[in-house]
Structure formats: C-alpha cells, structure tokens
Amino acid sequence: MTPPIPDALVPIALRLMRANRTFVTAEGARRRIRERELRPEKYGPPERLRSGIRVAVELVDGWPVYTIVPRVVRGGTVYVHGGGWVNEIAPQHWHLAARIADEASMVVTVPIYPLVPFGTAQQANDGVRALVLRSIGRHGPTSLAGDSAGGQIALSTALALRDEGVVLPRTLLISPALDLTWSNPRIPEVQPSDPWLGTPGGRVLAEHWRGRRDLLDPAVSPLFGDLAGLGPISVFTGTRDVLNPDVHLLAEKAARAGVPFDLNEVAGQLHVYPLLPTRAGRAAQRQIVRSLAEAI
C-alpha cells in the first residue's frame with residue numbers, strides 16, 4: 001500500500017485545482033451542467049480493483065448497474081456515489097465499493113443513476129429502492145450506503161423503504177447532503193474553511209435535482225422526513241464541510257425518534273474525507289467496512 005497523503009496537503013491541492021468552481025457561484029454550477037449535458041463522463045470501474053472479487057454489469061430499467069462479488073457472500077450493500085448530482089462516479093468510489101465487497105463479504109451493487117440535467121431525485125429514489133429490494137431477494141440482508149449527493153439518495157430511499165415496511169440493517173452516509181435548501185444558519189460559519197462546496201452552486205443543482213418535488217420533500221431533502229422506525233444510521237463527517245451542520249440536526253432528530261445513530265465526526269476533515277488516500281480517510285474506511293459487516 002502506498003503511504004498516505006498528508007492531510008494538510010489536501011485542502012491546499014483542492015484550492016489550487018479550484019475544486020469548488022461548480023459550487024462557489026451559480027454560474028459555475030450552470031456551466032458544469034452544460035458541460036455534462038454535452039460531454040457525459042465515463043463511469044466504468046478501473047481496470048484493476050482488487051484480486052478475489054468479480055465485477056459484472058447489466059442494464060436494469062435503463063440504468064447500467066454493476067455488482068462487485070466477493071469470494072464469500074454474507075449479504076449485500078447498495079452503494080450510491082456522490083458528485084453533486086451532476087458528476088459521474090469516480091475511481092475513489094469504485095475502490096471503496098470494492099473494499100466493502102472484499103472485506104465485509106458483501107455483494108456491492110453500484111447503480112449508474114441519471115444525473116442533472118436528465119435525472120431527478122424521484123427517479124433516483126425509485127431506481128435505488130428497486131435495487132435494494134432486488135439485493136435483499138438475491139443476497140440476503142442489505143444495507144444502503146452513499147456519499148454526498150449519494151448520501152441524500154440513500155437516506156431518502158431508506159425512508160421510502162421504511163414506509164413500505166422494509167427496515168434496513170444499516171444506512172451508512174458519508175458527508176451526506178440532507179437539506180437541499182442550503183439554509184442552515186451555520187453554513188456561513190463553516191464556508192471559509194471548506195475548499196470544496198458552496199451554497200450558490202448547490203442551490204442551482206438542487207433546483208434541477210428536485211424535479212417536480214418541493215425542496216422540503218423528504219425525497220429531496222431527507223432531513224425533513226420522519227425518522228421513526230428507521231434502522232441504525234451511521235454518518236461520517238468532517239468539520240470543514242458546509243454539510244456538517246445538518247448532520248448534527250439529523251443526529252438530534254434521530255435521538256428524538258429513537259433511531260440508533262452512530263456519528264463519526266473528525267475535526268478538521270473535509271467533505272467526503274473517507275474517500276481520500278489520507279491517514280484519516282483510510283481509518284474511516286476501516287470503520288465503514290466494520291460497520292457494514294457488523295450490521296448483518
């Protein structure tokens with residue numbers, strides 16, 4: 001394994017790369033949407049993931065859906081990638097999904113869901129819900145996991161499944177987007193330290209993603225859903241992330257609803273830090289694998 005990247009270098013690199021250009025202005029978000037409409041990104045997995053796993057792909061209701069199958073199968077996880085609802089799955093997502101499959105002995109289902117400007121929250125929720133039910137039927141107990149925008153989809157879907165009487169053994173969220181109004185009063189306090197996300201572009205993307213749904217609909221902003229009856233929730237979040245304040249509101253709601261809630265918050269860490277090849281990121285990945293394995 002290569003040595004971890006020093007944590008202190010990551011925010012410097014992100015600022016040099018202008019990683020926040022999609023989010024820091026409304027026009028930046030609109031420009032990104034136009035780019036992705038004209039030139040869709042590739043989504044296939046890297047040629048090399050891990051030995052001992054098998055990757056397959058099929059078309060399910062019009063979506064490319066990948067499955068990562070380990071030698072021994074104890075259950076399943078549906079992993080929903082992030083990317084601001086406009087960016088395609090990245091190699092970091094694939095490597096985490098492969099690690100979950102290998103080390104937690106789970107078949108990991110990875111949907112390539114339609115993005116802005118073609119996809120909406122309801123389409124994503126419906127498709128992921130169907131894949132979770134399929135995984136339960138094929139592989140047994142199945143958890144839901146997702147990062148950033150994928151965390152929004154995962155929790156919204158868990159709420160919809162709960163309404164149908166399906167309680168998941170775990171919903172695991174990495175730096176989730178929970179309130180697409182971007183109205184938490186603590187966001188301006190965190191914003192100067194976040195080199196990745198921002199409110200102006202986030203609101204533009206949210207307007208596209210909500211489709212015909214209200215922004216306060218739990219299918220779009222799961223923070224506004226009734227959490228009662230959900231299975232255990234685990235969240236990984238860093239304090240240099242404008243989405244972090246909403247995680248604390250989610251923790252409070254979960255406590256009031258009697259939902260088991262495992263908050264993994266690391267001071268000074270960035271948005272989706274568990275996907276980064278840093279010491280903190282690798283430690284978080286070990287916790288993620290353990291959390292999903294213990295759920296079944």
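The values are calculated or read from the model by the stated rules, or taken from the named source; none is laboratory data. In this text the structure is predicted, and so the values were computed from the model without any measurement. Cβ: placed from backbone, ideal geometry, glycine included. Neighbour counts: every protein chain shown. The accessibility values were calculated without ligands, DNA or RNA, using every heavy atom of the protein model including side chains. Shrake-Rupley method; radii C 1.70, N 1.55, O 1.52, S 1.80 Å.
One residue stands out in the range 2-27 among those that are within 30 Å of residue 65 (Cα to Cα) and not β-branched (Val, Ile, Thr): the one that is modelled with the lowest pLDDT, namely 19. Residue pairs whose Cβ atoms lie under 6 Å apart, separated by 6 or more positions or on different chains, with the first residue in the range 169-187 and within 13 Å of residue 149 (Cα to Cα) and the second open to solvent by less than 10 Å² (accessible area, probe 1.4 Å) and aromatic (Phe, Trp, Tyr), are 174/236. Checking the range 2-19 against the condition returns no match, with no residue being of a type in the set (Asp, Glu), outside any helix (DSSP H, G or I) and open to solvent by 90 Å² or more (accessible area, probe 1.4 Å). Scanning for something assigned to a strand (DSSP E or B), open to solvent by 20 Å² or more (accessible area, probe 1.4 Å), of a type in the set (Asp, Glu) and out of contact with any Lys or Arg (no Cβ under 6 Å at 6 or more places or on another chain), does the range 255-266 turn up at least one residue? Yes, the range 255-266 has at least one match.
Does at least one position in the range 192-212 carry a residue that is under 16 Å from residue 248 (Cβ atoms) and aliphatic (A, V, I, L, M)? Scanning the range 192-212 turns up no residue that is under 16 Å from residue 248 (Cβ atoms) and aliphatic (A, V, I, L, M).
Candidates 168, 180, 133: the one that is more than 17 Å from residue 207 (Cα to Cα) and part of a loop (DSSP other than H, G, I, E, B) is 168. Do we have any residue at all in the range 82-92 that's closer than 21 Å to residue 291 by Cβ and touching a helix residue (DSSP H, G or I) at 6+ places or on another chain (Cβ under 6 Å)? Yes, that holds for at least one residue. Out of curiosity, is residue 99 assigned to a helix (DSSP H, G or I), more than 22 Å from residue 264 (Cβ to Cβ) and either open to solvent by less than 10 Å² (accessible area, probe 1.4 Å) or touching a residue at least 24 places away in the same chain (Cβ under 8 Å) (or both)? Answer is no for this residue. Looking across the range 50-64, the residues that are free of Cβ contacts under 8 Å to residues at least 60 places away in the same chain, open to solvent by less than 60 Å² (accessible area, probe 1.4 Å) and in contact with a strand residue (DSSP E or B) (Cβ under 7 Å, 6 or more places away or on another chain) come down to 53, 56, 64.
Of 220, 235, all but one fail to be assigned to a strand (DSSP E or B) and crowded, with 18+ Cβ neighbours inside 10 Å; the exception is 235.
Screening the range 163-196 for residues that are of a type in the set (Gly, Ala, Ser) and in contact with a Gly (Cβ under 8 Å, 6 or more places away or on another chain) and picking the one that is surrounded by the fewest Cβ atoms within 10 Å (Cβ to Cβ) gives 175. Taken over the range 20-31, the criterion of being touching a helix residue (DSSP H, G or I) at 6+ places or on another chain (Cβ under 9 Å) and either farther than 14 Å from residue 197 by Cα or surrounded by fewer than 17 Cβ atoms within 10 Å (Cβ to Cβ) (or both) is satisfied by 21, 25, 27, 30. The range 49-96 holds strands (runs of 3 or more DSSP E) entirely within its bounds, and those carrying 1 or more residues that are charged (D, E, K, R) map to 54-60.
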